[in-house]
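Heads up, the thing below is written out as structure tokens.
The values are calculated or read from the model by the stated rules, or taken from the named source; none is laboratory data. On a predicted model such as this, the values are computed, not experimentally measured, just so you know. Please note: Cβ atoms are built from the backbone with ideal geometry, for glycine as well, and neighbour counts cover all protein chains shown. Surface accessibility is based on the protein's heavy atoms, side chains included, excluding ligands, DNA and RNA. Shrake-Rupley method; radii C 1.70, N 1.55, O 1.52, S 1.80 Å.
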Amino acid sequence: MSTTPTPAPRLQLPERHQMKIDERSLDRLLPPDHAARTVWTYVDGLDLSPLLAQIKAVEGNPGQPTIDPRILLSLWLLATLEGVGSARELDRLTEMHIAYEWLCGEVSVNYHTLSDFRSKNETLLSALLTQSVATLMRQGLVDLQEVAQDGLRVRASAGTKSFRREQSLGECLNQARQQVEALRTQLDEDDGAVSRRQQAARERAARERQERIEEALRQRQQLAERQEEVVKEKGAKRNREPRASTTDPEARHMKMPDGGFRPGYNVEFATDTASGIVVGMDVVNVGSDSGQLLPMAEQLDERYDATPERMLADGDFATLEDIETLHGEHEVDVYAPVKNAEKEKANGNNPFQAKPKDGPGVGAWRERMGTDEAKTIYSRRAQTAEWANARVRNMGLRQVLVRGLEKVRATALLYALAHNLMQTVLLKTRAAAA
């Protein structure tokens with residue numbers, strides 16, 4: 001008895017080798033409400049003339065066209081919004097992700113160009129922060145009457161084991177110099193050896209390592225001198241011998257949010273409490289916020305030719321010298337907790353009463369912080385400063401992938417601009433609906 005074979009199912013099989021012509025444009029492939037469009041509109045309205053003035057290839061003269069700086073800035077802003085901090089990863093996205101392809105618009109970029117743009121434009125990014133906030137002030141969306149400041153500790157691109165004492169740094173420097181000299185004098189090898197390009201890369205890497213070690217020695221010397229000053233002025237005990245990192249000489253060990261101590265930087269954001277817009281930013285390699293309030297007020301005055309009426313900060317910021325100077329020279333009222341207030345109360349003292357040695361600014365601060373109104377005002381600090389810090393952390397500002405204060409500032413400025421972009425869209429949406 002014969003059986004009839006079961007017919008094979010008819011399937012639509014994938015064909016991945018057939019050439020295909022897609023007639024849709026990049027603009028049609030990107031959704032109309034995608035964040036990339038918002039980023040481009042924002043960047044297109046910025047004044048990037050300082051970058052354009054540096055371009056040597058101009059109409060009527062020879063030279064290859066330069067990548068439009070709006071493309072590079074837009075790519076980094078979108079990457080920052082989406083938590084991408086690596087230039088190599090951003091380079092990959094420009095070939096794999098429609099939003100980044102749309103921003104490029106068929107212009108080819110590479111990770112070297114992307115990395116250099118971020119690292120070498122700290123001054124421009126700072127000016128863009130000033131420019132964009134000043135525009136919002138003219139539009140009535142930011143009033144700069146009340147500013148909250150908070151510090152954000154971020155991991156550095158350096159390991160704990162890269163921190164060395166003076167003797168160890170000296171030994172590393174000798175080794176680095178020998179390596180640089182050996183590579184410089186190395187003859188071209190036979191067939192199968194490394195190419196001239198690879199050889200140049202090795203020489204450059206060795207030279208950069210030598211420069212980092214030399215900088216580490218300078219940084220260690222500065223730390224040692226500062227330590228001696230503290231010992232002489234305050235009679236403090238001399239701590240262990242200062243160390244500096246051969247990977248990132250400007251990084252410092254500091255306490256992180258999880259309670260551990262690791263190499264890092266302290267990113268300071270000042271946020272307008274009424275709008276949630278970051279109006280000031282700095283990066284320091286000191287783990288404490290003490291003494292950072294006055295420099296931020298001076299920065300705001302320099303940026304906008306105005307200082308806020310009130311500055312809100314936690315107790316670490318509240319040095320008596322800063323409070324007095326802000327009151328007398330800048331007419332700024334500080335709202336920060338009085339240190340050891342509970343201990344003073346337990347001892348039968350009134351922590352909110354001016355002390356005989358207090359200046360007028362410090363005395364007014366103590367009395368002010370004892371009022372219910374001050375408590376209400378101070379409560380806005382967490383709603384703005386800590387909220388802004390939380391947002392940039394969610395964007396990925398937990399560890400920086402660049403090294404040195406200047407490059408870390410440029411990275412932090414990108415986060416400030418990205419935060420402000422999101423907040424500006426919200427503010428304008430609310431204003432339109434009102």
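Of note:
- Couplings 3J(HN,Hα) of the range 43-51, computed from phi: 5, 5, x, 8, 8, 9, 4, x, 6 Hz, in residue order, whole Hz [Karplus 6.51 cos²θ - 1.76 cosθ + 1.60, θ = phi - 60°; x for Gly and Pro].
- FRET efficiency, THR6 to TYR111 (Cβ-Cβ, R0 60 Å, nearest 0.05): 0.65
- Average accessible surface for the chain: 58 Å² per residue, computed with a 1.4 Å probe over protein heavy atoms with every protein chain in place.
- Bridge type composition, the chain - antiparallel percent by DSSP, nearest 5: 75 percent
- The percentage of C-alpha pairs in the range 1-151 whose separation is greater than 27 Å is 44%.
- Principal axis analysis of the Cα atoms in the range 83-150 yields extents of 45, 22, 20 Å, listed in decreasing size.
- In angstrom, the C-alpha Rg and Dmax of the range 234-378 are 17.5, 52.
- Trypsin sites (Lys or Arg not before Pro) within the range 21-75: DSSP coil, no more than 10 neighbouring Cβ in 10 Å: ARG24, LYS56
- Dipole moment magnitude, nearest 20 debye, the range 338-381 about Cα centre, only Lys, Arg, Asp, Glu C-beta charged: 180 debye
- Once the Cα-Cα distance is subtracted from the 0.36 nm per residue extended length, the GLU298 to ASN340 segment shows a gain of 12.3 nm.
- Its Cα centre serving as origin, the chain has a Cβ charge dipole (Lys and Arg +1, Asp and Glu -1) of approximately 1460 debye.
- For the pair LEU13 and ASP47, label points projected 7 Å from Cα toward Cβ lie 6.4 nm apart.
- The chain, Cα convex hull volume normalised per residue, Å³: 331 Å³
- Accessible area of the chain belonging to carbon and sulfur atoms, whole % at 1.4 Å probe: 47 percent
- Estimated distance in nm for a label pair at GLN198 and GLU329, the labels positioned 7 Å out from Cα along Cα-to-Cβ: 5.8 nm
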